[in-house]
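*Asks:* Please see the structure below; I have some questions.
Values quoted throughout were computed directly from the atomic coordinates according to the rules given, and no laboratory measurement underlies them. If you're wondering where the values come from, they're calculated on a predicted model, not measured in any experiment. Every residue, glycine as well, gets a Cβ built from its backbone with ideal geometry; the counts of neighbours run over all protein chains shown.
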Amino acid sequence: MSLHIRAEKGEIAATVLLPGDPLRAKWIAENFLTETRLYNDVRGMYGFTGMYKGRQISVQGTGMGIPSISIYAHELINDYGARQLIRIGSAGSYQLHIKIRDIVLAMSASTNSNINRIHFNQDSFAPTADPELFLKAVKTAESKGIAVKSGNILTSDIFYDNDPNYYKKWAEYGILGVEMETAALYSIAAKYGVKALAILTVTDHLITGEHITTEERQVSLEEMVTLALGI
């Protein structure tokens, strides 16, 4: 057992899907996996392992923000041998061509967090997706007829920003959208030599003010989960 995951050795698969919401982890386990077993409920952060088309898969809630996902990624890799971590989360669009319900593959993750500057003595590290995993996701999306967009996204430490125009400087440099975890996931994966990828569904639009309904969210998330499980 680790500090935040109550699982025995061997109970967590080498491939782990990482939704932020623990209830989304439960939904995935109940609707996509078979032979499912709960291995973690510490702090209500559910983790499940099951089978998907003959392959063992785990799904672990991570909570919101860099500190929370950093804890779970570190423990999954170092205490349980996870070797492929796929974040499945939501994002807000910074570009008009990135529309509500679009699926975005995060090639890289810029950030306003100081987490990597702390580790690199104020130098800048560029958190990047594993290239093999990224290419596999693109091919899987093509084979399943799932349209995806890809590029640089922003991992932000701030959800409610005081400046409503803050996003514009990032958008000017081609940032597709914003979320709160990917830069940490990519950095930790790089440190320990494992594969990581973030697959994001656009649920909010910073330019148009649009957001999807609860019903639309479920349909969009289903497509994202199907893609992640197919990699």
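*Asks:* Provide the gained length on full extension for the span Lys99 to Ile146, in nm with one decimal, where the gain is 0.36 nm per separating residue minus the Cα-Cα distance.
*Replies:* Working: separation 47, 0.36 × 47 = 16.92 nm, distance 1.46 nm.
Answer, rounded to one decimal: 15.5 nm.
*Asks:* If you don't mind, there's one more thing I want to ask. How big is the C-alpha Rg of segment 15-230 next to the rule-of-thumb value 2.2 N^0.38 Å, as a ratio? List each step's numbers first, then the result.
*Replies:* On the way: Rg = 16.3 Å, N = 216, 2.2 N^0.38 = 17.0 Å.
Rg over 2.2 N^0.38 Å, computed on Cα atoms: 0.96.
*Asks:* How high is the FRET efficiency from Ala14 to Ile207, r the C-beta distance, R0 41 Å, rounded to 0.05? Show your work: numbers first, answer last.
*Replies:* On the way: r = 39 Å, r/R0 = 0.96.
So, using R0 = 41 Å, E works out to roughly 0.55.
*Asks:* Check cross-link reach from Lys53 to the lysines: straight Cα distance under 29 Å, and skip same-chain residues fewer than eight apart.
*Replies:* Counting by Cα, and skipping residues close in sequence, Lys53 has these lysines nearby: Lys9, Lys26, Lys136, Lys139, Lys144, Lys149, Lys195.
*Asks:* For segment 102-192, just the Cα atoms, rotate onto the principal axes and tell me the three extents in Å, largest first.
*Replies:* Between the extreme Cα coordinates on each principal axis of segment 102-192 lie 40, 35, 20 Å.
*Asks:* Shifting gears a bit: At a 10 Å Cβ-Cβ cut-off, how would you order Lys139, Lys53, fewest neighbours first?
*Replies:* On the way: Lys139 12, Lys53 9.
Fewest to most other Cβ atoms nearby, the residues stand as Lys53, Lys139.
*Asks:* Mind sorting Lys149, Lys195 by how few other Cβ atoms lie within 10 Å of their own Cβ, fewest first?
*Replies:* Numbers: Lys149 17, Lys195 20.
In increasing order of surrounding Cβ atoms, one gets Lys149, Lys195.
*Asks:* What is the angle, in °, between the Cα long axis of helix 66-80 and the longest principal axis of the Cα atoms in the chain? Nearest 10 is fine, range 0 to 90.
*Replies:* Helix 66-80 sits roughly 30 degrees off the main axis of the chain.
*Asks:* Hey, what did segment 87-231 get for relative contact order, percent, Cα under 8 Å, at least 6 apart? Intermediate values should be presented prior to the final figure.
*Replies:* Working: 263 pairs, mean separation 63.1, N = 145.
Relative CO of segment 87-231 lands at 44 percent.
*Asks:* Let me ask you something else. Taking the chain as the reference, fit the longest principal axis to its C-alpha atoms, fit the long axis of helix 22-32 to the helix C-alpha atoms, and give the angle between the two in degrees, 0 to 90, nearest 10.
*Replies:* 60 degrees
*Asks:* Quick one: dipole size for segment 45-152, taken about the Cα centre, charges +1 on Lys/Arg Cβ and -1 on Asp/Glu Cβ, in debye to the nearest 20. If you can, show how the numbers build up before the last one.
*Replies:* On the way: 11 positive and 7 negative charges, 92 e Å.
Around 440 debye, computed over segment 45-152.
*Asks:* Sticking with this structure for a sec: Choose one of Gly92, Ile118, Ile146: the residue whose Cα lies farthest towards the positive end of the charge dipole of segment 71-150 (beta-carbon charges +1 Lys, Arg; -1 Asp, Glu; about the Cα centre).
*Replies:* Ile146
*Asks:* Okay, moving on. Treating only the Cβ of Lys, Arg, Asp and Glu as charged (+1, +1, -1, -1), what charge dipole size does the chain show about its Cα centre? Round to the nearest 20 debye.
*Replies:* Numbers: 22 positive and 25 negative charges, 107 e Å.
My answer is approximately 520 debye.
*Asks:* Hey, another quick one. Using a Förster radius of 35 Å, what is the FRET efficiency between Val42 and Arg117 based on their Cβ-Cβ separation? Nearest 0.05, please. The partial results should precede the final answer.
*Replies:* Values: r = 30 Å, r/R0 = 0.86.
The pair Val42/Arg117 has a calculated efficiency of 0.70.
*Asks:* Would you compute, from DSSP H runs of 4+ residues alone, the mean residue ellipticity of the chain at 222 nm, taking -39500 (n - 2.57) per run and dividing by the full residue count, rounded to the nearest 500? List each step's numbers first, then the result.
*Replies:* Working: 7 runs with 79 residues, N = 231.
Calculated from helices alone, the mean residue ellipticity at 222 nm is -10500 deg cm²/dmol.
*Asks:* Per 10 Å bin, what percent of the C-alpha pairs of segment 12-133 does each bin hold, from zero upward?
*Replies:* Reading upward from the zero bin: 12, 38, 35, 14, 1.
*Asks:* Roughly how tilted is helix 131-144, in degrees to the nearest 10 and between 0 and 90, from the longest Cα axis of the chain?
*Replies:* On a 0 to 90 degree scale, this one is about 90.
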